[in-house]
1. Would you confirm, using the coordinates I've provided, whether THR87 is under 19 Å from VAL210 (Cα atoms) and either in contact with a Lys or Arg (Cβ under 6 Å, 6 or more places away or on another chain) or among the hydroxyl-bearing types (Ser, Thr, Tyr) (or both)?
2. Give the residues of the stretch 81-125 that are among the aliphatic types (A, V, I, L, M), in contact (Cβ under 8 Å) with a residue 40 or more places away in the chain and surrounded by fewer than 23 Cβ atoms within 10 Å (Cβ to Cβ), sorted by residue number.
3. If we keep just the residues of the stretch 155-212 that are of a type in the set (Ser, Thr, Tyr) and in contact with a Gly (Cβ under 8 Å, 6 or more places away or on another chain), which is nearest to LYS64 (Cα to Cα)?
4. Restricting attention to the stretch 126-140, and to residues there that are under 15 Å from the mean Cα position of the chain (by Cα) and not in a loop (DSSP other than H, G, I, E, B), which single residue is surrounded by the fewest Cβ atoms within 10 Å (Cβ to Cβ)?
5. When you scan the stretch 1-120 for strands (runs of 3 or more DSSP E) that lie fully inside it, which ones turn up with 2 or more residues that are at pLDDT 95 or above and either farther than 19 Å from PRO147 by Cα or touching a His at 6+ places or on another chain (Cβ under 9 Å) (or both)?
6. Any residue that is under 17 Å from ILE86 (Cβ atoms), within 17 Å of the chain's Cα centre (by Cα), at pLDDT below 95 and buried (at least 18 other Cβ atoms within 10 Å of the Cβ) - is there at least one of those in the stretch 143-160?
7. Condition first: in contact with a Ser or Thr (Cβ under 7 Å, 6 or more places away or on another chain) and not aliphatic (A, V, I, L, M). Now tell me which residues in the stretch 144-169 satisfy that.
8. Could you check, for the stretch 141-153, whether at least one of its residues is more than 18 Å from GLY57 (Cβ to Cβ), part of a helix (DSSP H, G or I), of a type outside the set (D, E, K, R) and out of contact with any Cys (no Cβ under 8 Å at 6 or more places or on another chain)?
Amino acid sequence: MPLPGGATIPDVTGDHYFTAEPATPAQPREVEFSVAGRDYTLASAAGVFSAARLDPGTAVLLRKADLPARDATGPFLDIGCGFGPITCVLASSAPAATVWAVDVNQRARDLTAANAASVGAADRVQVAAPDDVPADLTFAEIWSNPPIHIGKAELHELLRRWLPRLAPAGVAWLVVARHLGGDSLHRWLVEQGWHVERHASQKGYRVLRVTR
């Protein structure tokens, strides 16, 4: 795993960022980034997705997708929240909105909860494992830098699970690297009956806007 200065932490446990209970020592750190004129300093740790920096795909998503309006109330969903950068940006952009932050990784959920508190959104961010999200809840917006490395079949199953939870007039924002199948995922979503627009392309990433 990369660290500032180019050092790495060897993966001696076999953990992945989608491991439910990472055994890797946490090795706490901070990740700094800016979105829409606001600076963020969020807690991170080994054993979660892009632990040492804001992932480039997430950065493109937050820069190119349409952030929610300030008066939006949500609810929003962040699929695979990691340490919470998307969740914290959504909660800060729309200070009346509820954001559900979902991840299989317990360490990621703990970090997201702490980071939501650090940006003043603890009362509006609901951090949950996937099975703990109420079954009848629908979302005005769904955001994700989806976990491509779980495999194509598992990724498709994940999207089949969550995209139908989009409200009738809702929008989903996804970012996928072109070389990891961004264009093929676009085609697959269309085949599943979704309206998909390639909203932006930058640095090898596709930002997809998905609606009913």
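1. yes
2. Within the stretch 81-125, VAL104, ALA114, VAL119 qualify.
3. TYR205
4. So the residue we want is PRO130.
5. So the answer is 29-35, 38-44.
6. Yes, the stretch 143-160 contains at least one residue that is under 17 Å from ILE86 (Cβ atoms), within 17 Å of the chain's Cα centre (by Cα), at pLDDT below 95 and buried (at least 18 other Cβ atoms within 10 Å of the Cβ).
7. ASN145, ARG165
8. yes
The values are calculated or read from the model by the stated rules, or taken from the named source; none is laboratory data. Because the structure is predicted, anything quoted here is derived from the model rather than measured. Please note: Cβ atoms are built from the backbone with ideal geometry, for glycine as well, and neighbour counts cover all protein chains shown.
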